[in-house]
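Have a look at the structure below before the remarks.
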């Protein structure tokens, strides 16, 4: 399945849930707006404890949709139901990426894509630690980082349009990108499972 197919599938899957997607995107946009407007150490910490579990809950919700599970808006708060685990992951993940970004921008971007599937792995493996999920993501993304990077790059017009419309287009473009990433995860995970079965 190529990038166009993934995006097309993601668009179809999210159609029944556009209302939920819109509200989730609006909340994320609002929290990010507050973070940028009142950027200080207190706000950064506050966003870690509020925005992170909400975003991860949204990622988990998109995976459920990809899996054909009927979802409701309250499912987005699942990240708060595993609060300690999610916050621990968000802190470790942010720390690792920040450390790489201190070296150079390119290594930081590469590592971002190495770790990008970790939230989904946490959902599939409730007993797995944050470090193990990040390590598993690195394995799954080996040889696929540029695949997902270029898929995300194909959303550039949505990103620019969102910036020009003060985030309005992002209320659709953001969830669209989330859904595509969730579809990518399921595709890569299925491929990895097949490899292990063959072995």
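The values are calculated or read from the model by the stated rules, or taken from the named source; none is laboratory data. In this text the structure is predicted, and so the values were computed from the model without any measurement. Virtual Cβ from ideal backbone geometry, glycine too; neighbours counted across all protein chains shown.
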Handout entry: Number of positions in region 139-191 that are over 17 Å from residue 7 (Cα atoms) and surrounded by fewer than 17 Cβ atoms within 10 Å (Cβ to Cβ)
Key = 12
Handout entry: Residue satisfying condition, being surrounded by 15 or more Cβ atoms within 10 Å (Cβ to Cβ), over 23 Å from residue 183 (Cα atoms) and at pLDDT 90 or above, within set 85, 35
Key = 85
Exercise for the section: Return a yes/no flag: does region 148-156 have any residue that is over 21 Å from residue 87 (Cβ atoms) and not in a helix (DSSP H, G or I). Expected result: yes
Practice task
Report yes if some residue within region 6-16 is surrounded by fewer than 17 Cβ atoms within 10 Å (Cβ to Cβ), touching a residue at least 24 places away in the same chain (Cβ under 8 Å), touching a helix residue (DSSP H, G or I) at 6+ places or on another chain (Cβ under 8 Å) and closer than 13 Å to residue 178 by Cβ; otherwise report no.
Solution key: yes
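Table: residues versus (1) in a helix (DSSP H, G or I); (2) touching a residue at least 40 places away in the same chain (Cβ under 8 Å); (3) under 22 Å from residue 10 (Cα atoms).
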residue	(1), (2), (3)
63	yes, yes, yes
69	no, no, yes
75	yes, no, yes
84	yes, no, no
91	yes, yes, no
96	yes, no, no
108	yes, no, no
135	yes, no, no
